[in-house]
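The values are calculated or read from the model by the stated rules, or taken from the named source; none is laboratory data. Here the structure is a predicted model, which means the values were calculated and not measured. Don't worry about glycine lacking a Cβ; one is built from the backbone with ideal geometry, like all the others, and counts go over all protein chains shown. To get the accessible areas, we keep the full protein, side chains included, count just its heavy atoms, and leave off ligands, DNA and RNA. Shrake-Rupley method; radii C 1.70, N 1.55, O 1.52, S 1.80 Å.
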Amino acid sequence: MAFLEFCKKAKIMESGGEIEGKKVKVEQEECTLDGTVDRHGRPAIRHRTGTWVSGILLLVNQGLATLAFFGVGVNLVLFLTRVIGQDNASAANNVSKWTGTVYIFSLVGALLSDSYWGRYKTCAIFQVIFVIGLVLLSLSSYLFLLKPSGCGDGQTPCGPHSPVHISFFYISIYLIALGNGGYQPTIATFGADQFDEEDSKEGRCKVAFFSYFYLALNLGSLFSNTILGYFEDEGMWALGFWASSGSAFVALVLFLIGTPRYRHFTPTGNPLSRFCQVVVAAFKKWRVEIPPGKEDLYEVDGKDCAIKGGRKILHTHEFMFLDRAAYITSKDISLQNQGLHSPWRLCTITQVEEVKCILRLLPIWLCTIIYSVVFTQMASLFVEQGAAMKTTIANFRIPPASMSSFDILSVAAFIFIYRRVVDPLAGRIRKTNGKGLTELQRMGIGLIIAIMAMVSAGIVECYRLKYARGECVNCEGSSSLSIFWQVPQYALIGASEVFMYVGQLEFFNDQTPDGLKSFGSALCMTSISLGNYVSSLIVSIVMKISTKDNMPGWIPGNLNRGHLDRFYFLLAVLTIVDLVLYVICAQWYKSIKLGGKFQDMDNENDDDDENDKLSV
């Protein structure tokens, strides 16, 4: 193999080896073992590429890009009402559509990254689109929308806008959605690519990278939710948007600076066609009886994989029907001898296992959606609950939305607590050579903490109602209970994120085949998106049932006449049910079994049952 030959020449002793009969003196160089290449397509040299030099650049890039995105998103609903002149319902609906579009574009970015462009090119292109969208938004706001000067502060109304100006605005914010959506799932996977999982030391760094990646995301949003959010709330929209544009531009420059250092995986082609081939081939042979064992299943010879740039996946015994796609019949042998091999009739074991991997992941992914329902309450009902509490200290008013800062601080604290205390302690207890809790176990713990958060929120609401003035029309500040009683529920949500979302990022990256790593990261984003939709559905159902017989319902406009506490307890019960289903799915789950790039596949034990399960 050219890869092995290159590495062989690179590993010449300092004392003076020979290449093609000539004595040379070079430093000993070692290639990565996971098959990554440098920007020229050559095998990546370990000490010249990747590791934390690249990882830190990408973490800073993520923090700045998140600051830029939330600098627009956190107050977009206010911009639509105060500047564009939309009513509350229309503005909320437009923000929901825009947010949903971001997550849809994440699937587009993942597909392009895994299939055609590669992760570096995908990140670069979508970041450029992101910067262009932010600059256009800043220009349109400054030149056309913020007229007269100083409008949009909630006191001074902005003038009417022409359809051209409104169209310019929508083009810019949807370019932002396209840029950020396509970039987000890819940058997480690209950062993980900088660490060789076949090397024990770099493998541990790869796991740590996801924790710090999520921390960078939260720190970026913290600045947006506080500093930029304050300026925009005071009507300084252009300043806020230009600050976001500058942050995104600096992020792009930092990303490009690291170009010579990055490690890359080769795109593997469109996975959709591979999936369809397996399904079609399996149905063509649906009457074929497959003998036990894998001797009659097709796989390419040697260590190379039929999927370009990927590793072979070892055979498993779930979804046995799909194995028919790899079963070699006499007709397949005849066509092979004639040079007429068709992947629509005969697929490799690796190609079949790629489909099985996704099917095994789906139940775990579905169980994360209810958690996302709990997580979304932080940006909606938690804020409404806080607005109905005492929000003043002396003469200073605390914006209810700013309480999310306690969530971010909790995330930062628990990431370090987990990395430095919990994980090493769990590793010593389980005697697993430093590896603590598995990703599935951490996600289960995240669900447990989410239940505690909902119970905490429900108890606080019970006490808020106890100290509330029920006759109020406008519920804002109607209870004498301090808003700081919300700190525990925000802190518990932050702690649960460290276990659930960080664990989810690691899990989907580790358990997806080489050609679908960005798709794994996109699954995390779509879980959050579906959580928003399911939350809206649950609220609608609850209000329809609870408002019968002229009752105000659980979540009326005046919270003092409702029972928000019951809604929180309902979410706690739903999360308990989800936890039970999750434990069942986690016990059933079988880990992906990859063959190393350069290890002998024939010596692999096909019946290895060292599965990554959730201990109960």
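At-a-glance table
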{"read-out": "Angle between the chain longest axis and helix 88-112 axis [Cα atoms, degrees, rounded to 10]", "value": "10 degrees"}
{"read-out": "Within the chain, helix-based [θ] at 222 nm, where runs of 4 or more DSSP H residues each add -39,500 (n - 2.57), nearest 500", "value": "-19000 deg cm²/dmol"}
{"read-out": "Accessible area of LYS548 in the full protein assembly, 1.4 Å probe (Å², nearest 10)", "value": "130 Å²"}
{"read-out": "Distance from the stretch 143-164 to the stretch 264-296 (C-alpha centre basis), Å", "value": "58 Å"}
{"read-out": "Of LYS121/LYS593; LYS356/LYS593; LYS285/LYS593; LYS201/LYS312; LYS390/LYS466, those spanning more than 19 Å from alpha-carbon to alpha-carbon", "value": "LYS121/LYS593; LYS285/LYS593; LYS201/LYS312"}
{"read-out": "Heavy-atom accessible area ranking, 1.4 Å probe, most first, across ARG360, ARG420", "value": "ARG420, ARG360"}
{"read-out": "Among ALA401, GLY109, LEU359 the positive-end extreme of the charge dipole of the chain (Cβ point charges)", "value": "ALA401"}
{"read-out": "Two-decimal ratio, the stretch 441-570, of alpha-carbon radius of gyration to 2.2 N^0.38 Å", "value": "1.32"}
{"read-out": "Pairwise FRET efficiency - LYS147 versus LEU366, Cβ, R0 = 60 Å, nearest 0.05", "value": "0.80"}
{"read-out": "Virtual spin-label span in nm between LEU581 and VAL108, 7 Å along Cα→Cβ", "value": "3.1 nm"}
{"read-out": "Net lengthening on full extension, LYS121/TYR230 (0.36 nm per residue, minus Cα-Cα)", "value": "35.7 nm"}
{"read-out": "Within the chain: Cβ-based charge dipole about Cα centre, in debye rounded to nearest 20 (Lys, Arg +1; Asp, Glu -1)", "value": "620 debye"}
{"read-out": "Farthest positive-ward along the stretch 455-540 dipole, Cα basis, beta-carbon charges - from GLY458, VAL534, ALA491", "value": "GLY458"}
{"read-out": "Net dipole in debye of the stretch 29-138 [+1 Lys, Arg Cβ; -1 Asp, Glu Cβ; about Cα centre; nearest 20]", "value": "160 debye"}
{"read-out": "Accessible area per residue, Å², the chain with all protein chains present, probe 1.4 Å", "value": "45 Å²"}
{"read-out": "Solvent exposure ordering (accessible area, 1.4 Å, most first) of HIS40, HIS317, HIS165", "value": "HIS40, HIS317, HIS165"}
{"read-out": "Local net charge near ILE555, Cβ-Cβ under 15 Å (Lys/Arg +1, Asp/Glu -1)", "value": "+2"}
{"read-out": "With Cα atoms, 0 to 90° folded angle of helix 517-546 axis to the chain main axis", "value": "40 degrees"}
{"read-out": "FRET efficiency, 1/(1 + (r/R0)^6) with R0 30 Å, evaluated for LEU425 and HIS317 via beta carbons", "value": "0.25"}
{"read-out": "Nearest-ten-degree value, helix 119-140 long axis tilted from longest Cα axis of the chain", "value": "20 degrees"}
{"read-out": "Accessible-area composition of the chain, carbon plus sulfur, in percent [1.4 Å probe]", "value": "63 percent"}
{"read-out": "LEU254-VAL128 pseudo-label distance in nm [points 7 Å out on the Cα-to-Cβ vector]", "value": "2.1 nm"}
{"read-out": "Extension reserve of the LEU359-ILE398 stretch, reckoned as 0.36 nm per residue once the Cα distance is removed", "value": "9.4 nm"}
{"read-out": "Two-site FRET efficiency, GLN336 against GLU30, from Cβ-Cβ distance with R₀ of 35 Å, rounded to 0.05", "value": "0.35"}
{"read-out": "Accessible-area order (highest first, 1.4 angstrom probe) of the listed residues TRP286, TRP344, TRP98", "value": "TRP286, TRP344, TRP98"}
